[in-house]
Amino acid sequence: MTTPIESLSHLVVGSVESVAPDKIGVLLELDAPSTTALNTGTPTAFPRLNSYVLIPNEAGATVAYVAWMGIERSAYPKRAGFKDFGLVDLPFPLRKMSVVPVGTLASTWAANRKPMFELSRGVVAFPSVGDQVLMPTPQQVEAIVGMSNDSQRVRLGSSPMASRAVIAVDPDRLFGRHLAVLGNTGSGKSCTVAGLIRWSLEAARATIQREGRDGAPNARFIVLDPNGEYAHAFRDEPGQTRVFRVPPVSAGERALQVPAWLWNGHEWAAVAQAQPGAQRPLLLQGIRELKSGNSAGVPRDALIRRYLTSYATRLSALLNSGTQGFAGGARARFECARMLETIAADCVQFSSELSEPAASQLAAVAAATTGVVDSRRSGQWFNDFSVTDLESVRGSLTSVAETLPDLGTFAPINEDAPTQFDVNVLADHLEKVATEQGGNLAGFISTLGLRIRGMLADHRLGQVIAGEPPIEFDAWLNDYIGRNGADGGSLAIIDLSLVPSEIVHVVVAVLARLVFEASQRYRRHHPSGMPLPSVLVLEEAHTFVRRGKDDEGPAATPARLCREAFERIAREGRKFGLGLVLSSQRPSELSPTVLAQCNTFLLHRIVNDSDQELVARLVPDNVGGLLRELPSLPSRQAILLGWATPIPVLVDIDELPDLQRPKSSDPDFWDVWTLGKERSIDWGAVSSDWVGTKTPPSGLPPGDSGAV
Ligand SMILES: Nc1ncnc2c1ncn2[C@@H]1O[C@H](COP(=O)(O)OP(=O)(O)OP(=O)(O)O)[C@@H](O)[C@H]1O
Ligand SMILES: [Mg+2]
């Protein structure tokens, strides 16, 4: 009995002339189609670069794609009707092609006597010289590009090389082992990513409905969007999408919050540029203490003791440094008075929190301290303070402190725990810790303090990191990762476009780390240890997961933490259900660790040499020919290869309507020049926003001045 492939002998187009593992030479029949083949059932362009042919063998058929075509002249052609080779003949053109074997198409007869095909990776048996070469039928093409398989659930586009057969992917494979979308600027990466998310959710919704289940897709896509383009693409699904951005926000969007109390020790140290020697431990101690102060189990009176002792230590330091600090110039006296006033105010506050006798003792200290300040006041300024003044305040602070329990007896909380604390007091608190410890930390602390105070004072920075209005950690996870049952939407778009550049790396590092750790902990807490499938999308990945530099010092920078966070997700995310989608214009600048862990690639047009070389190294040799097409791919076309597809295929990505595209259309110079589109300029508004004095008008996305 013939196999389904052999029975299609009318599709023979040539025969094998030469065979090498990576290349098969084919001589085309004289009557093989030369532009359009009609014998396949549907008109198919043939022969054509990158289209498929089959070479039947005992296991089914070897699938190969056309890598080269040409004409060679032969003196003695084989021609139908001409048997006499003794004639003097003119050279005759013969069409030849080179094909690259990529897979094996197995065939069986289904129960209903219809043939069934299934494609598998790799070549089981190489053809021999003289074997027939066939054109695939539409049904075989579907099997080759993957649509006939039930698990190919999400339609991505169609195949321009195979009579527009549908190309669909299996989300388990595509997202389960990380996807990299690479290509030059404007080649269509963002549209592809937006399409993938949209089509995945649509396909999931359709299946839920078809199978009679109830509810929205239980999916989680978290998009880190440095260009602020994705909110535009999902405007039509307001209930399904949560958009976070730096205020001002439009209706339906929320203020982006990555409070500094969520940062771990490494992240703090990187932002503060704390050196590993003395500065880092000090910074971490300060954070630990503040976090402990707000964690359950540490009594407030122990913390108050901590504050009182540190005030006493600061006073001792002042006394030890000579009279310059309190009886020197007007400025020093003023500073000293300010410190005493702060101590008095804090003591009043502490006294209201404590029980007797400490409460009234502290009230007395407050009164005495205020008395000292008032006795030296002279109008707006102050007279010299005396050693006795400061000694008395210091002594009374110490004696009250000694009646309170010691903080050391309570295990301080880990500085990495996402425990809330008031970030605004961190700078002050560090100063206290530093004076207590003495040594030469004061210089560092003042620069660190300046940096932290500066960050919080900058209105845009402060809005993101200060944790105002307060948000609980579980509420934050619900918002940024997703609620139970994806209630409130399957998609979180985190618009990073207005996040100031000083903190954007740390913000991305914190987000990536928290998404990863949340997935990790989810699995640990799940009764049967099941992971929570989630997808983290990173646009412009080359800025956030840059290839490491050899000259990096021991101190971590935010950019390095960011890279490490993604390297970790790339290495370990799969186990916890976390898939990564990276989109980048410069694959050669991406961290090799991350790229090597991406198992599926969608390659758009790539022109640059080093980027082409890099992607060629990432993929198996026998698709090398296909990749030669990379520099000439039109936008919307991409080569899909890797784990999610049995063989590399060229895809015409489905078109997204204008409203569903990320907002990144090419600039319309001509229409603006010729007044076809309005672009009025108000640098005043831009500059005041830039400087930080005024907020920009709400509702306008960054970089957009409102086209008509
Ligand atoms: N699937 C698609 N459907 C409709 N239009 C598309 C599609 N893919 C690309 N385009 C067109 O190409 C343009 C550029 O695409 P896109 O913004 O996705 O490029 P990009 O690779 O993300 O560029 P960049 O690297 O600069 O971000 C889009 O504005 C759109 O007009
Ligand atoms: Mg883009």
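Checking the condition over 54 Å from the mean Cα position of the chain (by Cα) and open to solvent by less than 10 Å² (accessible area, probe 1.4 Å), which residue from Leu362, Leu340, Leu390 passes? Lay out the reasoning, then the answer.
On the way: Leu362 fails: over 54 Å from the mean Cα position of the chain (by Cα); Leu340 fails: over 54 Å from the mean Cα position of the chain (by Cα).
The unique qualifying residue is Leu390.
Within the range 404-423, track down each residue that is in a helix (DSSP H, G or I) and at pLDDT below 80. Explain how you work it out, then say what you get.
Filtering the range 404-423 down to residues in a helix (DSSP H, G or I) leaves 407-409, 423.
Answer for the range 404-423, where residues must be in a helix (DSSP H, G or I) and at pLDDT below 80: Leu407, Gly408, Thr409.
Among the residues of the range 470-479, which ones are within 20 Å of Val243 (Cβ to Cβ) and part of a loop (DSSP other than H, G, I, E, B)? Please lay out each step first, then the result.
Filtering the range 470-479 for residues within 20 Å of Val243 (Cβ to Cβ) gives 471, 475-479.
Within the range 470-479, just Ile471 meets the criteria.
Could you list, in sequence order, the residues of the range 430-459 that are at pLDDT below 75, open to solvent by less than 20 Å² (accessible area, probe 1.4 Å) and more than 18 Å from Ala270 (Cβ to Cβ)?
Leu441
Can you tell me how many residues in the range 370-387 are touching a strand residue (DSSP E or B) at 6+ places or on another chain (Cβ under 9 Å) and open to solvent by less than 30 Å² (accessible area, probe 1.4 Å)?
Initially, the range 370-387 is screened for residues touching a strand residue (DSSP E or B) at 6+ places or on another chain (Cβ under 9 Å), giving 373, 376, 383.
Adding the requirement that they be open to solvent by less than 30 Å² (accessible area, probe 1.4 Å) leaves 373.
Of the residues in the range 370-387, 1 are touching a strand residue (DSSP E or B) at 6+ places or on another chain (Cβ under 9 Å) and open to solvent by less than 30 Å² (accessible area, probe 1.4 Å).
Pick from Ala685, Ala644: which is at pLDDT below 90, surrounded by 12 or more Cβ atoms within 10 Å (Cβ to Cβ) and closer than 16 Å to Gly195 by Cβ?
Numbers: Ala685 fails: closer than 16 Å to Gly195 by Cβ.
None of the other options fit; the residue is Ala644.
Restricting attention to the range 55-81, and to residues there that are aliphatic (A, V, I, L, M) and closer than 23 Å to Leu650 by Cα, which single residue is modelled with the highest pLDDT?
Ile55
Which residue pairs have Cβ atoms under 6 Å apart, sit 6 or more places apart or on different chains, and have a first residue in the range 161-180 that is acidic (Asp, Glu) and a second that is not in a helix (DSSP H, G or I)?
Asp170/Ser151; Asp170/Gln152
Suppose we keep only residues that are assigned to a loop (DSSP other than H, G, I, E, B) and not hydroxyl-bearing (Ser, Thr, Tyr) within the range 287-334. Which one would you say is modelled with the highest pLDDT? Break it down into steps so the answer makes sense when it comes.
Filtering the range 287-334 for residues assigned to a loop (DSSP other than H, G, I, E, B) gives 294-299, 321-323, 328-329.
Cutting the leftovers down to not hydroxyl-bearing (Ser, Thr, Tyr) gives us 294, 296-299, 322, 328-329.
Values: Asn294: 57, Ala296: 50, Gly297: 56, Val298: 62, Pro299: 72, Gly322: 76, Gly328: 77, Gly329: 80.
Looking at the filtered set, the residue picked out is Gly329.
Identify all residues within the range 346-359 that are under 50 Å from the mean Cα position of the chain (by Cα) and open to solvent by less than 60 Å² (accessible area, probe 1.4 Å); write none if there are none. Working first, answer last.
As a first pass, look at the range 346-359 and keep what is under 50 Å from the mean Cα position of the chain (by Cα): 346-354.
Answer for the range 346-359, where residues must be under 50 Å from the mean Cα position of the chain (by Cα) and open to solvent by less than 60 Å² (accessible area, probe 1.4 Å): Asp346, Cys347, Phe350, Ser351, Leu354.
Taking only pairs six or more apart or across chains, which ones have beta-carbon atoms under 8 Å, a first residue in the range 186-200 that is closer than 17 Å to Asp236 by Cβ, and a second residue that is more than 10 Å from ligand 1 (Cβ to nearest atom) and among the small types (Gly, Ala, Ser)?
Between residues of the range 186-200 that are closer than 17 Å to Asp236 by Cβ and residues that are more than 10 Å from ligand 1 (Cβ to nearest atom) and among the small types (Gly, Ala, Ser), the close pairs are Ser200/Ala219.
Identify the single condition in (1) more than 18 Å from the chain's Cα centre (by Cα); (2) open to solvent by less than 20 Å² (accessible area, probe 1.4 Å); (3) over 28 Å from Ile452 (Cβ atoms) that Val243 does not satisfy, given that it satisfies every other one.
(1) is the only condition that Val243 fails.
Assuming Trp643 fulfils every condition listed in (1) without any contact (Cβ under 8 Å) to a residue 60 or more places away in the chain; (2) more than 15 Å from ligand 1 (Cβ to nearest atom); (3) not basic (Lys, Arg) apart from one, which condition is it?
Single failed check for Trp643: (1).
Could you list, in sequence order, all residues of the range 659-682 that are within 16 Å of ligand 2 (Cβ to nearest atom) and surrounded by fewer than 17 Cβ atoms within 10 Å (Cβ to Cβ)? Break it down into steps so the answer makes sense when it comes.
So the first thing to find is which residues in the range 659-682 are within 16 Å of ligand 2 (Cβ to nearest atom), and the list is 660-667.
The answer is Ser665, Asp666, Pro667.
From the list Arg242, Arg280, which one is of a type in the set (D, E, K, R) and assigned to a helix (DSSP H, G or I)?
Working: Arg242 fails: assigned to a helix (DSSP H, G or I).
Going through Arg242, Arg280 in turn, the sole match is Arg280.
Name the residue, out of Val166, Val246, that is more than 16 Å from ligand 2 (Cβ to nearest atom), over 22 Å from Leu477 (Cβ atoms) and of a type in the set (A, V, I, L, M, F, W, C). Full working, then the answer.
Details: Val246 fails: over 22 Å from Leu477 (Cβ atoms).
The match here is Val166.
Checking the conditions here, which among Gly467, Gly489, Gly482 is modelled with pLDDT under 90, outside any helix (DSSP H, G or I), buried (at least 16 other Cβ atoms within 10 Å of the Cβ) and within 21 Å of the chain's Cα centre (by Cα)? Can you show your working first?
Numbers: Gly467 fails: within 21 Å of the chain's Cα centre (by Cα); Gly482 fails: modelled with pLDDT under 90.
Criteria check complete, one pass: Gly489.
Could you tell me which residue of the range 274-286 is nearest to Val372 (Cα to Cα), considering only residues that are at pLDDT 80 or above and out of contact with any Phe, Trp or Tyr (no Cβ under 7 Å at 6 or more places or on another chain)?
Here is the first cut: in the range 274-286, the ones at pLDDT 80 or above are 280-286.
Going one step further and asking which of them are out of contact with any Phe, Trp or Tyr (no Cβ under 7 Å at 6 or more places or on another chain), we end up with 280-282, 284-286.
Details: Arg280: 37, Pro281: 36, Leu282: 32, Leu284: 35, Gln285: 33, Gly286: 30 Å.
Ranking the qualifying residues of the range 274-286, first place goes to Gly286.
For Leu224, which of the numbered conditions (1) more than 16 Å from ligand 2 (Cβ to nearest atom); (2) under 15 Å from the mean Cα position of the chain (by Cα) fails to hold?
It fails just one condition, (1).
Being in contact with a strand residue (DSSP E or B) (Cβ under 6 Å, 6 or more places away or on another chain), open to solvent by 10 Å² or more (accessible area, probe 1.4 Å) and at pLDDT below 75 is the requirement here; does Ser18 meet it? Full working, then the answer.
On the way: in contact with a strand residue (DSSP E or B) (Cβ under 6 Å, 6 or more places away or on another chain): yes; open to solvent by 10 Å² or more (accessible area, probe 1.4 Å): yes; at pLDDT below 75: no.
It is false that Ser18 is in contact with a strand residue (DSSP E or B) (Cβ under 6 Å, 6 or more places away or on another chain), open to solvent by 10 Å² or more (accessible area, probe 1.4 Å) and at pLDDT below 75.
Scan the range 186-201 for residues that are near ligand 2 (Cβ under 10 Å from one of its atoms) and in contact with a Ser or Thr (Cβ under 9 Å, 6 or more places away or on another chain) and jot them down. Outline the logic, then answer.
Here is the first cut: in the range 186-201, the ones near ligand 2 (Cβ under 10 Å from one of its atoms) are 186-194.
Selection gives Gly186, Ser187, Gly188, Lys189, Ser190, Cys191, Thr192, Val193.
The values are calculated or read from the model by the stated rules, or taken from the named source; none is laboratory data. Small disclaimer: the values here were computed from a predicted structure and weren't measured. Cβ coordinates were reconstructed from backbone atoms using ideal geometry, including for glycine residues, and neighbour counts include every protein chain displayed. Calculation scope for accessible area: heavy atoms of the full protein, side chains included, ligands and nucleic acids excluded. Shrake-Rupley method; radii C 1.70, N 1.55, O 1.52, S 1.80 Å.
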